[in-house]
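All of the numbers you see were taken from the coordinates with simple rules; none came from a lab. Note that the structure is a prediction, hence the values are computed from the model and not measured. Positions of Cβ are backbone-derived with ideal geometry, glycine not excepted, and every protein chain shown enters the neighbour counts.
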Amino acid sequence: MHPSSQKRNAIFKPDVIMLASLILPVVLASVALFFASFLSWMVVQLHKGGCKKVDKEDELMDAVRKCESPVGSYMFSGCKDAAEMKREADAKKWEAGACGIMTIYPQVNLERNLDPAFLCFLVIQFCLGYQATIVIKLGIGFREVFRFV
């Protein structure tokens, strides 16, 4: 056999053909998942009741800005270690109330976040499809494939 035909045959192995056959299902599943996430966020609004609006929001936001804390999650009243939690001053802060967890986010650009989300869906769908090519034999019925994937 000629070396160039061996190389061509190596490229067109059944695994490569099987992976190539996943392109359309991966893209369609990713689009469907992207649309489903849109529905859950914008139409059904599953997370709408997850957070409440602060009554004096402007005052709270001004106070947070004055602290100049960088982006991150913070706990208040917070302690750096177990020894601090035993101090009387920290115990009094805890008992006085207004305890919570606050996350400071960077400026959010929704349009910029949509592309990575879709790319993530593509990668996940491709990985699931690749696993299916390893486990599922060619020609198996829809029910068995659907049950696995």
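Seen against the Cα atoms of the chain and their longest principal axis, helix 23-38 is set at about 20 degrees.
Only the Cβ atoms of Lys and Arg (+1) and of Asp and Glu (-1) were treated as charged; on that basis the dipole of the chain about its Cα centre amounts to roughly 720 debye. Efficiency by 1/(1 + (r/R0)^6): what FRET value for F148 and K48, r their Cβ-Cβ distance, R0 = 25 Å, to the nearest 0.05? It comes to 0.15. Please give the FRET efficiency for A117 paired with L24, using the beta carbon to beta carbon distance and R0 = 30 Å, rounded to the nearest 0.05. Between A117 and L24 the formula returns 0.90. GNM on the chain, alpha-carbon springs under 10 angstrom: the most fluctuating residue among S21, S30, S77 is S77. Annotation: amide H of Y74 within the under-5 Å range of M102, T103, I104, sequence separation 5 or more or interchain, hydrogens built in the peptide plane.
Summarising the label geometry, the points placed 7 Å from Cα in the beta-carbon direction at F35 and A132 lie 1.7 nm from one another.
Note on volume of the Cα convex hull per residue in Å³: of the candidates [x] 119; [y] 268; [z] 100, the value calculated from this structure sits at [y].
Between the listed residues W41, Q107, C51, the Cα displaced farthest toward the positive end of the dipole of the chain, a dipole computed from Cβ unit charges relative to the Cα centre, is found at W41. The loop-placed trypsin sites (Lys or Arg not before Pro) in the range 70-149, going by DSSP, that have at most 11 neighbouring Cβ atoms within 10 Å of their Cβ come out as K80, K86, R87, K137.
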